[in-house]
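Report on one structure; see the data block that follows.
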Amino acid sequence: MEASERREFVRSHRTAVFGYQRKAHGPAMSIVYYVMDGDDILVSTMAARGKAGAVRRHPKVSLCVLDEQWPPTYMVVYCDAKVETEEAAVVDLMMRIAGLMAGNPMPEAVRPMVAEGARREGRVVLRLQPYATFYTPPRHVNSEADLPTLTHAVSASIPW
């Protein structure tokens, strides 16, 4: 998959598993909606949640972008992340995410309500700057006839 195809895969999807290091125990994972801002990936979360705290402690995160069709396809994107708190950016992102979830852009008339929700929840923007990806094409079995040709190969991280 070429770099432009990898970027298009990320651009054309909306859900991912957000992976980050916890203070204790193993890595944490959380399902998120995301949008693109140029090559950056934006995620909305509350400042008090684990994702924001983890990014402040250690900015290396991963995002496993999910294809919502069967058979499942995915791409892992490795990113440097930072927390942004500027209110207009937080509200803009929440408007975009709500529109993505609804399947239609949110009308400007709801912006004050979204802004109030952002303040009440202490929302922030997680800006993820990709630097590498990991892609494995799906291998799927539809019947026993597929088993002789079902093969797997070793994959590697490639530059974003």
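For this structure, a couple of remarks:
- Among the candidates 97, 41, 31, the residue that is closer than 16 Å to residue 9 by Cβ and of a type in the set (Val, Ile, Thr) is uniquely 41.
- Flag if residue 90 is crowded, with 18+ Cβ neighbours inside 10 Å, under 20 Å from residue 31 (Cα atoms) and out of contact with any Leu (no Cβ under 7 Å at 6 or more places or on another chain): yes
- Among the residues listed as 101, 106, 95, the single one being touching a residue at least 24 places away in the same chain (Cβ under 8 Å), surrounded by 12 or more Cβ atoms within 10 Å (Cβ to Cβ) and not acidic (Asp, Glu): 101
- Set 144, 121, 108: member being over 21 Å from the mean Cα position of the chain (by Cα) and modelled with pLDDT of 90 or more: 108
- Of the candidates 49, 6, 22, 11, the single residue that is closer than 20 Å to residue 125 by Cβ, touching a residue at least 24 places away in the same chain (Cβ under 8 Å) and basic (Lys, Arg) is 11.
- Given (1) surrounded by 14 or more Cβ atoms within 10 Å (Cβ to Cβ); (2) at pLDDT below 95, number of the condition residue 128 does not satisfy: (2)
- Enumeration of residues in the stretch 20-47 that are closer than 24 Å to residue 99 by Cα and among the small types (Gly, Ala, Ser): 30, 38, 44, 47
- Of the set (1) surrounded by 19 or more Cβ atoms within 10 Å (Cβ to Cβ); (2) more than 19 Å from residue 122 (Cβ to Cβ); (3) touching a residue at least 60 places away in the same chain (Cβ under 8 Å), all apply to residue 40 but (1).
The values are calculated or read from the model by the stated rules, or taken from the named source; none is laboratory data. Bear in mind that the values here come from a model prediction, so they are computed numbers and not experimental data. In this analysis, Cβ positions are derived from the backbone assuming ideal geometry, glycine residues included, and neighbour counts consider all displayed protein chains.
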